[in-house]
2 protein chains.
Amino acid sequence: MIMVSDKQTEEKIFEAATAVFEEEGMAGARMQSIANRAGINKALLHYYFRTKDHLFEAVFTKLAKKMFHKFNPIFEENLSIEEKIRFFFREHISFLQQNPKLPGFILNEISHNPERVKKVLKNVDFKDLWKSIIKHHKDELHKYNLTEENLPQVMTTIASLSVFPFAARGIFEVAFNNIGIDFDKYIEARKDFAAEFVIKALKKTSEVLPDK
Amino acid sequence: MIMVSDKQTEEKIFEAATAVFEEEGMAGARMQSIANRAGINKALLHYYFRTKDHLFEAVFTKLAKKMFHKFNPIFEENLSIEEKIRFFFREHISFLQQNPKLPGFILNEISHNPERVKKVLKNVDFKDLWKSIIKHHKDELHKYNLTEENLPQVMTTIASLSVFPFAARGIFEVAFNNIGIDFDKYIEARKDFAAEFVIKALKKTSEVLPDK
DNA sequence: ATTAACTTTGACCGTTTGGTTAATCTATAT
DNA sequence: ATATAGATTAACCAAACGGTCAAAGTTAAT
């Protein structure tokens, strides 16, 4: 029994593949580019991951889970609605700052092959998830325009505000550059802006001013 | 052999190319697929559009303009702020309903080649555009949390709410399917929801209840 | 009917691509 | 030292790809 073999090699390949797939997409990525980036022979790719599809599948699954898991705090953290909203935008946008190409990659690959997302989300029971969030905040729910009915709209709105700027970065940067705004500073400011924007939109008018 | 096609060949090619590029992206699209879809020989593609890049450039430029032009009403229409917001979401989401693959295509191609967007937006002076919108609504501006400073945040927020659901359609559909929501109905409801959501978030607290 | 210009095609070309193969290297266990 | 098993490589392959070309088809003016 030997097996002292560089466990590093497989990791090096995986990292190189992640970078190239994120940059070029599945269709645009070249096995030779991945090999070059990993500093190894192309045949070694097929030794560890039999085909391009296998390699892509491994990378996509890992990145998709990484992405989706970052939404869990919405359901799990034990905070009030407003605390939770502030916490989410702060943490989620910080996460995307460190993985700026992730949204574009995931969105693009899913739009080219919608079946992929089912594999990753097959175990998630949204019905339970969304009912539990209503139940969990039952006591403070009367203060907000938040019901089981409009929850899909609200949740997708929150996701949009966090994720879209990274998916549309190329466009935003051109528009911002024109008026002297730095994208990174815009993103930094967005953590607070998005949180307060959503809270303000959700709060019932009669609750905004206690002395109604 | 009689070709009774009322459509000109170049148009047929362009339409086929649009469909294939939207579906597969530049890297994933095949000239043979476009030829097949147009019902012509592959060599004829190169007769009308010399290379794949030429053909793609033509398609991308047209679609990008189509997409960006739909934001013009924000700056041009002579409406109050609230009317404008409602008008925009109604019209823009309706437009995306008829071109659901447009956002994903544009975002993806720009992220793979950010230079492309500059060609389309080179003539747009955002500085002028954004200052003019402030000036245009100067009289009603005191009622809203809307300044020259947070305008980038507000504008990108509005764009996010309209565009993102289409870019993330694959994900949303899986999540919705789980709880018995139809994507098309969700989109239809979004026109009003997004408008009211933004208006509520922007309106100053002291203006929500006139009898402060 | 012939010409001339434009359109369309099948066959072909050179390159790139994902993938394979047989040989070589490396490191241990005996 | 040598056998053994995994790790790595250079060279190679067939298919797919974007692109070309010469020939054939089409059309309308002379």
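Among the residues of segment B:146-174, those that are more than 8 Å from every other protein chain (Cβ to nearest Cβ) and under 21 Å from B:E196 (Cβ atoms) comprise B:L146, B:L151, B:V154, B:M155, B:I158, B:S162, B:F166. Given B:K52, B:K7, which one is of a type in the set (K, R) and at pLDDT below 95? Every option except B:K7 fails the conditions. A:A175: of a type in the set (A, V, I, L, M, F, W, C), buried (at least 17 other Cβ atoms within 10 Å of the Cβ) and free of Cβ contacts under 8 Å to residues at least 60 places away in the same chain, yes or no? Answer is yes for this residue.
Of the residues making up segment A:189-209, just one is more than 9 Å from chain B (Cβ to nearest Cβ) and either without any contact (Cβ under 8 Å) to a residue 60 or more places away in the chain or not charged (D, E, K, R) (or both), namely A:A195.
Scan A:L129, A:L102, A:L107 and give me the residue that is buried (at least 20 other Cβ atoms within 10 Å of the Cβ) and more than 8 Å from chain B (Cβ to nearest Cβ). Sole residue among the options that is buried (at least 20 other Cβ atoms within 10 Å of the Cβ) and more than 8 Å from chain B (Cβ to nearest Cβ): A:L102.
Only one entry of A:F95, A:F71, A:F87 meets the criterion of being more than 10 Å from chain B (Cβ to nearest Cβ), outside any helix (DSSP H, G or I) and surrounded by fewer than 20 Cβ atoms within 10 Å (Cβ to Cβ), and that entry is A:F71. For segment B:8-31, residues that are within 13 Å of DNA strand D (Cβ to nearest atom) and closer than 24 Å to A:P114 by Cβ total 10. Among the residues of segment A:32-52, the one identified as within 14 Å of chain B (Cβ to nearest Cβ) and either within 14 Å of DNA strand D (Cβ to nearest atom) or in a loop (DSSP other than H, G, I, E, B) (or both) is A:K52. The set of residues in segment A:34-63 being closer than 11 Å to A:V20 by Cβ and surrounded by fewer than 17 Cβ atoms within 10 Å (Cβ to Cβ) consists of A:N36 alone.
Looking across A:K127, A:K131, A:K135, A:K119, one residue alone is under 16 Å from A:K65 (Cβ atoms) and either part of a loop (DSSP other than H, G, I, E, B) or over 16 Å from the mean Cα position of the chain (by Cα) (or both). It is A:K119.
Of everything listed in (1) more than 13 Å from B:I171 (Cα to Cα); (2) at pLDDT below 95, the single unmet condition for A:K118 is (1). Taking the criterion of being closer than 21 Å to A:L102 by Cβ and of a type in the set (V, I, T), the only residue of segment A:25-53 that qualifies is A:I34.
Only helices (runs of 4 or more DSSP H) whose full extent lies in segment A:143-212 are considered here, and the ones with at least 2 residues that are within 18 Å of the chain's Cα centre (by Cα) and at pLDDT 95 or above are A:151-167, A:169-178, A:183-202.
The values are calculated or read from the model by the stated rules, or taken from the named source; none is laboratory data. The model shown is predicted, which means the values in this text are computed figures rather than measured ones. Heads up, the Cβs are rebuilt from the backbone with ideal geometry, glycines too, and the neighbour counts pull from every protein chain shown.
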